[in-house]
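Novice: Sharing a structure with you now.
The values are calculated or read from the model by the stated rules, or taken from the named source; none is laboratory data. If you're wondering where the values come from, they're calculated on a predicted model, not measured in any experiment. Don't worry about glycine lacking a Cβ; one is built from the backbone with ideal geometry, like all the others, and counts go over all protein chains shown. For the accessible areas, the whole protein counts, side chains as well, though only heavy atoms, and no ligand, DNA or RNA atoms are used. Shrake-Rupley method; radii C 1.70, N 1.55, O 1.52, S 1.80 Å.
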Amino acid sequence: MANIKTNDNQTTTNRGLNFSWLWSEYSVVIAFIIIFIVAAFMNDRFLYLQNQLNILMQVSTIGIIALGMTVVMLSGGIDLSVGSVLAMAGVFSVLALNASESIFVGVLTALAVGAMAGLLNGILVSKGRIASFIATLGMMAGARSIALYVSDGGSKSAEVDGFMNISNSSLGMVDTPIIVFLGLTILIYILMQKTRFGRYVYALGSNEKAALLSAIRVDRIKIGVYTLCGFLVGIAALIETSRLNSISSSSSGNLYELDAIAAVIIGGTRMTGGKGKVIGTLFGVLLLGVLNNMMNLLNISPHLQGLVKGLIIIVAVLFQKRD
Amino acid sequence: MEQETILEMNGIKKSFNQVEVLHGVDFALHKGEIHALLGENGAGKSTLMNILGGVHQPDDGQIILNGQTIKMENPRISQKQGISFIHQELNVVTDLTIYENMFLGSELRNKWGILDVKEMCRQTEEILSKLGVHISPKTYVRDLETSYKQMIEIARSLLRDSKVIIMDEPTTSLTDNEVDRLFELMRSLKSSGVSIIYISHKLKEIQAVCDRYTVLRDGHFVGNGWMKDTDLGQITQLMVGKSVSTEAFHHENKAGDPVLTVKQLTSESLFQNINFEVAKGEVVGFTGLAGDGRTELFESIFGFRKKYDGVIEVNGRPVKINHPKKAVQAGIGLVPKNRKENAIIKDLNVIENMSLSSMGHFEKNGLIHAKHEQKTFYDYKNQLNIKVHDPKVTIDSLSGGNQQKVVIAKWLEVNADIIIFDNPTQGIDVGAKNEIYQHIMNLADQGKAIIVLSSEAPEVLRICDRINIMFQGEITGRFNREDVTEELIMEYATGAKKEAENVG
């Protein structure tokens, strides 16, 4: 009799454990599926393949930035400068492109400007020992200002044929930015899970002093983290510029940092670092994309969309298992 | 004389995550006694006390206080019943002053609702002077030494007029003088009718101050009695379930060539003019009181601190160490003190903690080879007897002793020639302590040079071949193990004696 009772108990506890484990590890995936199903019921156009690809296309820029943000936040920092650096990298890229009439030079300039801004952030944070919030806040103001000054506050248009093809080409049905975004997601996933660099980032985000005492070059890893984020912003800047063949120094990239941070947080990464997953960020990005798409399909006033988005962010994080 | 029982806990059961950690524990406390609660790490002492303090709720069993059954639903209720809990971790707010900390949550106010600073300061001063501490109540806690912070914790419970005080390892950061003062105070509290539950790993202290004891093992009650009717051997036996030797450890290997030579190492206000040598296959101890600079000295040698002058030679070659990475390249490893802050990465799993300092060993084409990592871990698991069911769990779910073994495994994998152990058995129970000592001996036998830093003289006497005693940043005495006693160490550690070069 007693035996049967214990067995019963055990099966129920196991089931309970499994669900709580599933929830704590993959709450963002579950939330994504729920919103996805709701969206499918609300509007039958939602499930069209063209609409789905559209969502992916729309999130690709923010998605790439959010990948970089994930790495920065796992290391225990934050990068507020991504939106401004995107504008600055875009402006310089177009200037270089037009001056050299070489797409290659334009691409290289966007990546280099992004990476240099990231490098500077990294040096300020690690060698200068400035809180990442402050250092990147400075970069945010500075980069936007440089972009505005160089382009007199207006837009810069590319004058070289073929530059638009970067974003407006496709492989079969899938647009290039989507391929770039998903490809980078896989690369960053491998970087964070399978390489020394990724392991060190988790270690330093979780306990910086112990990481240093474990003979990790904490300063170099930090510089690497911010440089990587800046480099990814450079790629995002290319996609953004090439899509419309121009970049606006005043409005491009505005508030991207907040969308990227929101995606990372919804994806379950801890604000103070050390815990989180690239896959979580992917679903966080997709969740925000589906939400935007759904609201557009339902003709919700654009003025109200911010409120809905804000609520979803807060609810998603509220339900996450925190420690 | 039969004493009145003030508190009874009967048949307390508690499970965490479906694992029962307390299997119906009984505990009884007399009025006006100091009662030692003993057991190894993980025996359930803290859980039992957290139930009494209202932090956890028992699954079964009852708490009877002064003859009445009471449900401790939250810490507030427990406090109202006159139970105060001095936790092992310091619960002080460092950016507030002493008196603000003392009255935190129960500030005194005058009739207009304005804080009565004067009265709070007066009461704080009164209690602190009872404890023999003479500092201004308006001093900021961040400017205080750790031992004073501990004193504030204790003072706070006195302020509340508690009937039962639970002290969880209160002496870990106190100097001997302060410990004596604390004991005096505990005795005077006892005579005024306060009961104290005292949790500690230091059996000598328990013998000095406690009246009765209760021993827990693996969540079971295994025995209680009067302190005067027993001896430490019996208690230890109850705690671990078998007898544990407290004899000295020796290793067979004789000391070889010097591997680490330190000449005239000086860092302003931390340590001055440090000279010593450590040879292959030798265990060298450094001991002293809090503030003797030994941790800072070895953090400098390990490259964690950069501002120092002097020469460090490894295998006869001078090395410039300005980062832990350089130290590792020179063959030096450090098992730091305060494991939680300095040694473990709590979000990484056990295997990842083991491999952290030697990632290069596990890489193939730039990617981490997880199978290889796992296999290496299982080798160390067997070698060091690390108890863990699933090494993919985060390291903070292991007990202190097993965490420490993982940290040791990390440095073994690095294959350092010189390994520095700073307080290697901090917060580790008796059984695991001896295991760690044995591993240290094995390392010496393998030809490693071992340095052990410890504030506990008995510890260095048990395991070190040579002992250096430090006082205020200087080495004041050097001895071979055979030539020194605990008392002699104390004299050098307090600066009463000083003869720096009496061993060649």
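Novice: Using every Cα-Cα pair within region B:258-493, state what percent have a distance larger than 23 Å.
Specialist: 48
Novice: For the protein assembly as shown, what is the mean residue ellipticity at 222 nm derived from helices alone (per DSSP H run of n ≥ 4: -39500 (n - 2.57); sum divided by total residues; nearest 500 deg cm²/dmol)?
Specialist: Here the helix-only value at 222 nm equals -16000 deg cm²/dmol.
Novice: Please list B:ARG187, A:ARG220 from largest to smallest accessible area, probe radius 1.4 Å, with all protein chains kept in place.
Specialist: Details: B:ARG187 95, A:ARG220 155 Å².
Largest accessible area first, the list is A:ARG220, B:ARG187.
Novice: Another question, then. Computed FRET efficiency, Cβ-Cβ of B:ASP161 and A:ALA131, R0 45 Å: what is it to the nearest 0.05? All intermediate terms of the calculation are to be shown ahead of the outcome.
Specialist: Values: r = 43 Å, r/R0 = 0.96.
Given R0 = 45 Å and the Cβ-Cβ separation, E is 0.55.
Novice: Could you pull out every residue, at least 5 positions away or on a different chain, whose amide H is within less than 5 Å of the one on B:GLY427? Hs are placed 1.01 Å off N in the peptide plane, and Pro or chain starts have none.
Specialist: When sequence neighbours closer than 5 places are left aside, there are no close amide H contacts.
Novice: Can you flag which of B:LYS14/B:LYS410; B:LYS80/B:LYS149; A:LYS209/B:LYS364; B:LYS31/B:LYS433; A:LYS127/A:LYS194; B:LYS280/B:LYS326 are past 31 Å Cα-Cα? Before the final figure, lay out the partial values.
Specialist: On the way: B:LYS14/B:LYS410 35 Å; B:LYS80/B:LYS149 24 Å; A:LYS209/B:LYS364 28 Å; B:LYS31/B:LYS433 34 Å; A:LYS127/A:LYS194 27 Å; B:LYS280/B:LYS326 20 Å.
With Cα atoms farther than 31 Å apart: B:LYS14/B:LYS410; B:LYS31/B:LYS433.
Novice: Compute the label zone of B:GLN438 within region B:384-425: residues whose backbone N is under 13 Å from the point 7 Å along Cα-to-Cβ.
Specialist: Answer for this model: B:384-386.
Novice: A further question follows. If you line up the long axis of helix B:117-130 against the longest principal axis of chain B, both from Cα atoms, how many degrees apart are they, to the nearest 10?
Specialist: That helix lies at roughly 70 degrees to the long axis.
Novice: At R0 = 51 Å, how high is the FRET efficiency between B:GLU4 and B:HIS250 if r is their beta carbon distance? Nearest 0.05 is fine. Mind showing how you got there, number by number?
Specialist: Details: r = 50 Å, r/R0 = 0.99.
Efficiency for this residue pair is about 0.50.
Novice: With just the Cα atoms defining each centre, how far is region B:470-495 from region B:340-376? Give it in Å.
Specialist: Here the answer is 39 Å between Cα centres.
Novice: Continuing with the same structure: Please report the projected area of region A:115-270's Cα convex hull averaged over all directions, in nm².
Specialist: Details: hull surface 43.2 nm².
So the mean shadow area of the Cα hull is 10.8 nm².
Novice: Whose amide H sits under 5 Å from the amide H of B:HIS30, counting only residues 5 or more places off or on another chain, with H placed in the peptide plane?
Specialist: Amide H neighbours of B:HIS30, under 5 Å, 5+ apart: B:ILE6.
Novice: Roughly what % of DSSP beta bridges within chain B run antiparallel, to the nearest 5?
Specialist: Values: 48 of 84 bridges.
Percentage antiparallel, nearest 5: 55.
Novice: In region B:247-294, which trypsin sites (Lys or Arg not before Pro) are in a loop and have at most 15 other Cβ atoms within 10 Å, using DSSP for the loop call? Present the calculation step by step, with values, prior to reporting the outcome.
Specialist: Details: sites: B:LYS254, B:LYS263, B:LYS280, B:ARG294; in loops: B:LYS254, B:LYS280.
Answer in residue order: B:LYS254.
Novice: Multiply the residue gap between A:VAL160 and A:LEU22 by 0.36 nm, knock off their C-alpha separation, and tell me the result in nm, one decimal place. Walk me through the intermediate numbers first.
Specialist: Details: separation 138, 0.36 × 138 = 49.68 nm, distance 5.06 nm.
Gain in length upon complete extension: 44.6 nm.
Novice: Provide B:TRP112, A:TRP23 ordered by accessible surface of protein heavy atoms (probe 1.4 Å), highest first. Before the final figure, lay out the partial values.
Specialist: Working: B:TRP112 195, A:TRP23 70 Å².
The most accessible residue leads, giving B:TRP112, A:TRP23.
Novice: Which whole-Hz ³J(HN,Hα) couplings does region B:226-234 yield from phi under the Karplus relation 6.51 cos²θ - 1.76 cosθ + 1.60, θ = phi - 60°, glycine and proline marked x?
Specialist: Values per residue, Gly and Pro as x: 8, 4, 6, 8, 9, 10, 4, x, 4 Hz.
Novice: Accessible surface of A:ILE235 in the full protein assembly, 1.4 angstrom probe, to the nearest 10 Å²?
Specialist: 30
Novice: Using unit Cβ charges (K, R positive; D, E negative) and no other charged atoms, how large, in debye to the nearest 20, is the dipole of chain B about its Cα centre?
Specialist: 1040
Novice: Would you mind giving the mean number of other chain beta-carbons within 10 Å of the Cβ of each residue in A:195-202, as a whole number?
Specialist: Mean number of neighbouring Cβ atoms from other chains: 4.
Novice: Excluding ligands and nucleic acids, what accessible area in Å² is computed for B:LYS320 using a 1.4 Å probe, to the nearest 10?
Specialist: 140
Novice: For chain B, treating each Cα as an identical point scatterer without solvent, what Debye log10 I(q)/I(0) comes out at q = 0.06, 0.10, 0.13 1/Å?
Specialist: Values returned for q = 0.06, 0.10, 0.13 Å⁻¹ are -0.32, -0.88, -1.36.
Novice: Right, another one. Sticking with the crude label model, points 7 Å out along Cα→Cβ, report the distance from A:GLU101 to B:GLN383 in nm, one decimal please.
Specialist: The answer from the label model is 6.7 nm.
Novice: So, one more: Tell me the label-point distance for the pair A:SER251, A:ILE314, using the 7 Å Cα-to-Cβ offset, in nm and rounded to one decimal.
Specialist: Each label point is offset 7 Å from its Cα along the Cβ direction, giving 2.8 nm.
Novice: So how far apart, in nm, are the two label points at B:VAL222 and B:LYS138 if each is 7 Å from Cα heading toward Cβ?
Specialist: Each label point is offset 7 Å from its Cα along the Cβ direction, giving 5.3 nm.
Novice: Above 39 Å lies some portion of the pair distances; for the protein assembly as shown, what is it as a whole percent of all C-alpha pairs? Display every interim value, and only then the final one.
Specialist: Values: 176501 of 341551 pairs.
Value for the protein assembly as shown: 52 percent of Cα pairs lie more than 39 Å apart.
Novice: Roughly what % antiparallel, to the nearest 5, for the DSSP beta bridges in region B:258-493?
Specialist: Among the beta bridges of region B:258-493, antiparallel pairing accounts for roughly 55 percent.
Novice: Using θ = phi - 60° and the Karplus relation 6.51 cos²θ - 1.76 cosθ + 1.60, list the HN-Hα couplings for region A:128-144 in order, rounded to whole Hz, with x at every Gly or Pro.
Specialist: Running phi through 6.51 cos²θ - 1.76 cosθ + 1.60 with θ = phi - 60° gives x, 6, 9, 4, 4, 4, 6, 4, 7, 5, x, 4, 4, 5, x, 5, 4 Hz.
Novice: So if we plug the beta-carbon distance of A:ASN299 and B:HIS30 into 1/(1 + (r/R0)^6) with R0 = 60 Å, what FRET efficiency do we get, rounded to 0.05?
Specialist: Values: r = 76 Å, r/R0 = 1.26.
Using R0 = 60 Å, I get an efficiency of 0.20.
Novice: For B:HIS251, B:HIS23, B:HIS389, give me the order by solvent-accessible area with a 1.4 Å probe, most accessible first, ignoring ligands, DNA and RNA.
Specialist: Heavy-atom accessible area, descending, gives B:HIS389, B:HIS23, B:HIS251.
Novice: With every protein chain kept in place and ligands, DNA and RNA left out, what is the accessible area per residue of the protein assembly as shown? Probe 1.4 Å, answer in Å². Walk me through the intermediate numbers first.
Specialist: On the way: 37570 Å² over 827 residues.
For the protein assembly as shown, the solvent-accessible area averages 45 Å² per residue.
Novice: Same structure, new question: For chain A, report the convex hull volume of the alpha-carbon atoms normalised per residue, in Å³, without decimals.
Specialist: Details: hull volume 54.2 nm³, N = 323.
Dividing the Cα hull volume of chain A by its residue count gives 168 Å³.
Novice: May I pose another question? So how tilted is helix A:103-126 from the main axis of chain A? Cα-based, degrees 0 to 90, rounded to 10.
Specialist: 60
Novice: Let me ask you something else. Helix B:430-445 sits at what angle to the longest principal axis of chain B, using alpha carbons and giving 0 to 90 degrees rounded to 10?
Specialist: Its long axis makes an angle of about 10 degrees.
Novice: Give me the mean projected area, in nm² to one decimal, of the convex hull enclosing the Cα positions of region B:391-504.
Specialist: Working: hull surface 33.7 nm².
Directional mean of the projected Cα hull area for region B:391-504 stands at 8.4 nm².
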